[in-house]
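In what follows, a structure is listed as structure tokens, so that the remarks can point back to it.
Please treat every number below as a calculation from the coordinates, not as lab data. Only a predicted model underlies this, so the values are computations on that prediction, with no experimental measurement involved. Here the Cβ is made from the backbone with ideal geometry for all residues, glycine too, and neighbour counts use every protein chain on show.
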Amino acid sequence: MTIGDALKEVQVELGLTAEEMTAGVISKGTYSKVINNKTRLSSDLLLKILFSHGIDIEVFFNKTKDTYAPKNIIIEEKLSQEFGAAFNNHDLVSATDCLKKIQKQNNNPYLLQRAQIGVAFLSNTIEQLDKNLAQLIVNELNTHENWVSNLQALKLFSNSMLVLSDEKVEVLMKIFFIRLKRMNIKSETMIERYAIICSNYLHWKYDSLKQAKSQEKNKHKRNISKSIKYLTKLDKSPRFLIYKILGNYYKNIFTGDIDFAINIKHHLKELGFTSLTKNWPI
């Protein structure tokens, strides 16, 4: 989809006339040429139109990604989405098939390592993974001066909790929160990725504590509380609402109010979120 196509689609979504869509920024005639791909619009004027209507810039440019992004990036993103869907649905066959496609691409080590971990988890073969994989993952994260601001590195870390040592996960989560505190992130994509990190950590921590010795269960409570706080303090927008609910769910689990946590999951299932909650631990 071109920028002109995206503008036209957004105009229809908002129910605006062409004149209303221009917002006095450009003439109706120029706008007509833009949406019909007969002329280009400068970035300054495009942003003025988008801001005039409160249009989410990330959402808008995602509409145009297939047209302007490099081919390899488009392919990798589609494979990432395909694998994510297979993993979330516990579909080992589809996940394995997707891993083979990723291996053929051989361009993105983050995506490859995420897929290898995911397939091993679904097939209960985590213990059979190359023992060097954990160190490779740590090395990949260390190649970035601040991996907390790198979307690919964050996705890798989110999946790698399954293969890293408990202590390494806890150290990386501590670093994660220290660096996050210094940043002023406003991108909804990054905010959601941080929410996924916190959600995955809490799920991982719950499983880890079930197997831990009694003397180990009081360690690293700060990472738990910070993860829960991050989720529960999220904005109440539809995009983040489920993460806020998940934060409260885990808050009740870790404080021992299991019945309340079960009620949260039960109500969500009644509202039709069965697939979303099927992997929640309680």
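Worth pointing out:
- For segment 106-220, a crude dipole built from +1 on the beta carbon of Lys and Arg and -1 on the beta carbon of Asp and Glu, taken about the Cα centre, is about 380 debye to the nearest 20.
- On the beta carbon distance between S27 and T64, with R0 = 25 Å, the FRET formula returns roughly 0.65.
- Karplus-based coupling profile of segment 106-115, in residue order and whole Hz: 6, 10, 10, x, 4, 5, 4, 5, 4, 5, with θ = phi - 60° in 6.51 cos²θ - 1.76 cosθ + 1.60 and x standing for Gly or Pro.
- Under 16 Å of direct C-alpha separation, and excluding same-chain neighbours fewer than eight residues apart, K65 reaches these aspartates and glutamates: D5, E9, D56, E76, E77.
- Of the trypsin sites (Lys or Arg not before Pro) found in segment 186-282, those in coil by DSSP whose Cβ has at most 14 other Cβ atoms within 10 Å are K186, K213, K217, K219, K233, K236, K278.
- Bins of 10 Å from zero: percent of alpha-carbon pairs in segment 125-282: 10, 38, 36, 16, 1
- With K and R counted +1 and D and E -1, the other residues having a Cβ less than 15 Å from that of K100 yield a net charge of 0.
- Count Lys and Arg as plus one, Asp and Glu as minus one, and take only other residues whose Cβ is under 14 Å from that of T2; the net charge is then +3.
- In the chain, a dipole from Cβ-located charges (positive for Lys and Arg, negative for Asp and Glu) runs towards its positive end, and of Q113, L231, I175 it is I175 whose Cα lies farthest in that direction.
- Value at 222 nm in deg cm²/dmol, rounded to 500, when DSSP H runs of n ≥ 4 in the chain each add -39,500 (n - 2.57): -22000 deg cm²/dmol
- Relative contact order for the chain: 10 percent, from Cα pairs under 8 Å spaced at least 6 residues apart, divided by residue count.
- Placing unit charges on each Cβ (+1 for Lys and Arg, -1 for Asp and Glu) gives the chain a dipole about its Cα centre, and among G15, Q81, S187 the Cα reaching farthest toward its positive end belongs to S187.
- Taking a ≥ b ≥ c as the square roots of the eigenvalues of the Cα gyration tensor, an a/c ratio of 1.5 or more together with a/b larger than b/c marks the chain as prolate.
- For segment 150-282, relative contact order (Cα pairs under 8 Å, six or more residues apart, normalised by length) works out to 20 percent.
- Charge dipole magnitude, Cβ of K and R +1, D and E -1 - the chain, Cα centre, debye nearest 20: 660 debye
- Shape of segment 1-66, Cα gyration tensor, a/c cut at 1.5: rounded
- Debye equation applied to the C-alpha atoms of segment 1-153, log10 I(q)/I(0) at 0.11, 0.17, 0.19 Å⁻¹: -0.63, -0.95, -1.07
- The magnitude of the dipole of segment 38-147, with charges of +1 and -1 set on the Cβ of Lys/Arg and Asp/Glu and taken from the Cα centre, is near 500 debye.
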